[in-house]
Structure formats: structure tokens, C-alpha cells
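Here the structure is laid out as C-alpha cells; the discussion comes afterwards.
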Amino acid sequence: MKSDHHGAATDEAFDLLGTMMVAARAAGLVALGLELGLYRVMAGRGPLTSIEVADKAGLHERWVREWLYAQSAAGVVSYAGDARFEVSDEVAALLADESSILYMGGNFTTLPNQLSLLPRLGEAFHTGLGLTFDERGPGSAEDGELLMGNWYRQVLVTTALPQLDGVSDRLREGAVVADVGCGSGIAILEMARAFPASTFHGYDVSVHALERAESRRAACGANNVTFHDVESDPLPREPTFDLVTTFDCLHDMTRPVDTVRAIRNAIVDDGVWFIVDIDCGPTFEQNLRRRRFATMLYSTSVYLCLSSAMSEPGGAGLGTCGLSEPVLRELVGEGGFSRFRRLDIEHLVNAFYDVRP
């Protein structure tokens, strides 16, 4: 016969795992609802029947009805009674307006691609080797856009860059800029549009991302931007760049020490390196104090960041939480930079740094 203590512990574990099990399935349906535009067609329209929702979305009513039942049970969609359903203004701000800085949709639409990696990640646990960005498929390039795209479009030029003393003026006059780990180019193209007198170079290892970046560059006619595959066209060895940016990528790299040294060689003596990386503590215990945040970061690391950082033999394997401020400060100092300042920019996940030779 089980003791009361054992029974209580079992109940607690059951509740925890049950919550995770339910949330995982509900999150999948959030991703599906976003893909089908269901939140968007419901936003701001008050209570609707499943027939009305299906009609507005151009979908089959019976499937829409079951989705509405599931999402109402989960509390994402509100049930208004009389077979009517509603997306609240609060949920709409998070899931219906893709241009909003509060938009959370990217955290859900990236889930199917990440979950599809699980069989291959299981192999990584045996071999020690993770997956490169391109080994995850073309969808990996789009995932990054969904998570940070609105910040690049709405905050980078207007709020973040002005915190780097003298940088905006320098860019207006005409500077040479490198975005290392540029991904599909959203950040660098935003800067290039805002500062047409400057010249911009984007570097990345992902062929999929660079293809998207070049397509986007051609579409917007940004003649002051050039993209480079860093494997065949690395950073110059001589001082060239007035500004270097690395957005959420240093902790993903297999050889971050080499990257820091390459940036030091390529930046002019009065240049600025703008680093954006994860705002985490230097120990697991410190991160664990923010349990939900820690769950997100360490789970994401297994799917993405650690996988990338271990994608070649001898990879550094920093993972999502591998570059806390003290670790980053030491890394850039050993790479030849002498000035390191954390910037006062608010963000739910990231920290921001002004680094100079």
C-alpha cells in the first residue's frame, strides 16, 4: 500500500506531465490555426459560429468546429455560449497581428519543423554531432525570421542603434558594416534602407538563409548590400568594418573563439561591435529561478542552439544559455577587445552589448 507522501508526489508528477502533454497538443493546434489564418479572421469580430468562422477562412466547417472546441477548452479562444466563439483583443494582439512587436505566432509556427527533428536529434545523443542549419531543411531559415523579424523592423534602427555612441551618425555619413550570422538578411536590409550612404556585408554559413537573403535584397533593390558564404568568402583579415553586428548567433557557433578573433581582425581600431545574445545567468541554478524561462531556453537549445554548436567534431557546444554576460565578457576580452558595456534595452529574451577594441 502506497504511503500518503508517495501518493502526493505521484499526483504532483502526474499533474506536471499531464499539463505538458495537454499543452503540447494545444500548441500544435495554435500553430495550425496560425497557418490557416483562423485567429486573423476572428480578431475584432466578436462572437462567431463555427459556420461563420469557416466561411470567412474558406475552410470546412466540421474541422473548424473541432478546432474551436479544442482551443476553447484550452482557453485560447473564448466560448461565448450559444455555439459562438470569440478571439479576445488580448489574444488577437499576440496571435492575429503579425506586424505587432508582441506577436508570439513565430514561437508556435516553428514547432512543426522543430518536432520533426526529434528522430535525428536522438541520433545526436549517440554520436555527439548535432545538425547544421541547412541539415534542418529550408524551414530553418524562415524560423529565425519569425522569431526576431519584428524587432529588427521596429526597434533596431530607431531604438537600439542610437544607444551605440556615435554609430548612427557614422552610418548616416557612410560606414562599412558587417552582419556576421546574418541569416536571411532582415536586420541588415533594415539598416541598409535606413542608411543608404553606408555599405553592408552579410556573412552566414547557411546556404538556405543566404538564398532567402539575396532574394529579399533583390526584391527591395538594396544595392548597398552584399551577402557572403563565410565558408568560401570569409571576413577580411585586415581592418575593414566600422560596425560589426552579431544577432543571436554567437552561442550557435561551433567555433565562437575563432569568430571573435576574425571580427577583431576585420574591425577598425575605432570600430563598434554590437552583440545581441541571450539574457541568461552564468549557472543553471540561477536560470532555474525563472523556471518557465529556463524550460523554454534549455528545450530550444536541444532542438536548435546546442545542435548547431555541436554540428562538427570539437564544436564548442555553448547552447542557448552558454553566453551569459560574464562568459561573453571574458570571450571578447581574450579575442582582443578592451571595452565592454551592457546596453539598457528591454527585451524578454535578449541582452545587448556595445563592444570596442
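Since every read-out is calculated from the coordinates, none of them should be taken as a lab result. Values in this document were obtained by computation on a predicted structure and should not be read as measured data. Every residue, glycine among them, receives a Cβ derived from its backbone with ideal geometry; neighbour counts consider all protein chains shown.
Listed values (1) 1.33; (2) 1.11; (3) 1.06 include one computed from this model; for Cα Rg over 2.2 N^0.38 Å that value carries the label (2). Relative to the longest principal axis of the Cα atoms of the chain, the long axis of helix 291-300 lies at roughly 70 degrees. Amide H to amide H distances under 5 Å link residue 227 with 202, where only residues 5 or more positions off or on other chains count and H is placed in the peptide plane. For the chain, the Cys residues with no second cysteine's beta carbon closer than 4.7 Å are 182, 220, 249, 305. To the nearest Å, what is the center-to-center distance of the range 43-78 and the range 244-278, using C-alpha atoms only? So the two Cα centres are separated by 46 Å.
Residues of the range 22-50 falling in the label zone of residue 83, defined by backbone nitrogen less than 15 Å from a point 7 Å along Cα to beta-carbon, are 48-50. Between 0 and 90 degrees, the angle of helix 118-127 with respect to the longest Cα principal axis of the chain falls at about 50 degrees. For residue 272, nonlocal amide neighbours, meaning residues 5 or more places apart or on other chains whose placed amide H falls under 5 Å from its own, are 243, 244. Seen against the Cα atoms of the chain and their longest principal axis, helix 207-220 is set at about 80 degrees. When only Cα pairs below 8 angstrom with a gap of at least 6 residues are kept, the chain shows a relative contact order of 13 percent.
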